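To keep things clear, I will list the structure first and then write my remarks on it.
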Amino acid sequence: MVKSRQVGNHKSDKKKHIAKTWKTKRRTKDLDQIHADMKPEVAAKLLNQEVDYDVTGNAQHYCLHCARYFVDLRSMKEHFKTKVHKRRLKQLSEEPYTQAEAERAAGMGSYIPPKKVEVKTQPVEEAMD
């Protein structure tokens, strides 16, 4: 009797692929990208998007600070009360890291501590029916 041979169950290249999938599954925008999105002209575009049926909630309910879409206004308001949202606001209150700051840290200038930026939860506009 000959032992049957299984093919392709535990190859090392599959393990790497799975690990990469797990790491990038819930990848969100970085803080400096969100700071760029918080500029008034960009924020206005993101908060007033056209209806897109491929995005959650038809792209009508978007949290600017967390870069997340919500199904409806009620769930977005509930999100504003969560620890995740408040933690993100606290992270965004510090000025983003710049190339000039990196050069100062490397010894090409004197250290200047990062400034605080006032970040508040976005205003929610009630839809009138």
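Name the single residue that is modelled with the highest pLDDT among those in the stretch 1-49 being more than 17 Å from ARG68 (Cβ to Cβ) and hydroxyl-bearing (Ser, Thr, Tyr).
The qualifying residue modelled with the highest pLDDT is THR21.
Name every residue in the stretch 90-129 that is touching a strand residue (DSSP E or B) at 6+ places or on another chain (Cβ under 8 Å) and either touching a residue at least 60 places away in the same chain (Cβ under 8 Å) or surrounded by 10 or more Cβ atoms within 10 Å (Cβ to Cβ) (or both), in order of residue number.
Residues satisfying the conditions are SER93, GLU94, GLU95, PRO114, VAL117, GLN122.
Would you point out the residue of the stretch 73-129, among those that are aromatic (Phe, Trp, Tyr) and modelled with pLDDT under 85, that is farthest from ASP32 (Cα to Cα)?
Per the stated criteria, the residue is TYR111.
The values are calculated or read from the model by the stated rules, or taken from the named source; none is laboratory data. Keep in mind the model is a prediction, meaning the values are calculated, not measured. No Cβ is skipped: glycine too gets one built from the backbone with ideal geometry, and neighbour counts run over all protein chains shown.
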